[in-house]
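See structure below.
The values are calculated or read from the model by the stated rules, or taken from the named source; none is laboratory data. Values in this document were obtained by computation on a predicted structure and should not be read as measured data. Reconstructed Cβ throughout: ideal geometry from the backbone, glycine too, with neighbour counts over all protein chains shown.
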Amino acid sequence: MSEPAPASLRQNLSGLRNALFELHKTLIQSERSTYEQAVGTIPSPAYFLQLLTGDPWFAWLHPLSQLVVAMDVVLDAPEPPAAATVDMLNRQTRSLLTPAETGEGFARHYFDALQRDPDVLFAHATASQLARQPKPPV
């Protein structure tokens, strides 16, 4: 069984989670703008929520949503997270935040969002930097 993560690892994971949440919000707004330019105005917040959860246009965002939720589960657990769990979540973040011009799914859509929206680029830089932070000694 892994040793519990020190408080600094938990803080780093919390910071990364918050940065990913901000990136997620920024991507949602960017996709909404792109959607509205292509399809038309979204008439209500309830309709937008339906689009986010069920429309193929927004489906590529689900892996990021799931990663944020996974971090929430770890951070909300009564026991401290294992260092290996924190490391795995950092590795998943670095992998997910790797855009690919010729890729598919999240990587391709993420590349496009980074190219079209400077706010996405800034949020990406913050999250990527936090995912690369060196681990404190255990």
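Look through Gln37, Gln92, Gln66, Gln29 and report the one residue that is over 19 Å from Ala123 (Cβ atoms) and polar (S, T, N, Q).
None of the others qualify; the one that does is Gln37.
Report yes if Thr26 is under 17 Å from the mean Cα position of the chain (by Cα), surrounded by fewer than 17 Cβ atoms within 10 Å (Cβ to Cβ) and part of a helix (DSSP H, G or I), otherwise no.
no
Where residues in the range 111-130 are under 14 Å from Glu22 (Cα atoms) and touching a Leu at 6+ places or on another chain (Cβ under 8 Å), which of them is surrounded by the most Cβ atoms within 10 Å (Cβ to Cβ)?
Residue satisfying both the conditions and the ranking: Ala127.
Being part of a helix (DSSP H, G or I) and more than 17 Å from the chain's Cα centre (by Cα) is the requirement here; does Ala46 meet it?
Yes, satisfied.
Working only within the range 88-107, note down all residues that are surrounded by 15 or more Cβ atoms within 10 Å (Cβ to Cβ) and either out of contact with any Ser or Thr (no Cβ under 7 Å at 6 or more places or on another chain) or among the charged types (D, E, K, R) (or both).
Hits for the range 88-107 are Leu89, Asn90, Gln92, Thr93, Leu96, Pro99, Phe106.
Kindly evaluate Tyr47 against the criterion of being more than 24 Å from Leu13 (Cβ to Cβ) and of a type in the set (Ser, Thr, Tyr).
yes
Is it fair to say Pro78 is farther than 19 Å from Gly15 by Cβ, modelled with pLDDT of 95 or more, surrounded by fewer than 17 Cβ atoms within 10 Å (Cβ to Cβ) and not aromatic (Phe, Trp, Tyr)?
no
Out of (1) without any contact (Cβ under 8 Å) to a residue 60 or more places away in the chain; (2) of a type in the set (A, V, I, L, M); (3) over 17 Å from Tyr110 (Cβ atoms), the odd one out for Val68 is which?
(3)
Select from the range 29-75 the residues that are closer than 18 Å to Ala131 by Cβ and among the small types (Gly, Ala, Ser) and write down the one among them that is surrounded by the fewest Cβ atoms within 10 Å (Cβ to Cβ).
Ala70
Glu31 - would you say it is at pLDDT below 95 and either under 23 Å from Gln115 (Cα atoms) or among the acidic types (Asp, Glu) (or both)?
Criteria not met by Glu31.
Across the range 96-118, what is the number of residues that are at pLDDT 95 or above and not in a loop (DSSP other than H, G, I, E, B)?
Residues in the range 96-118 being at pLDDT 95 or above and not in a loop (DSSP other than H, G, I, E, B): 13 in total.
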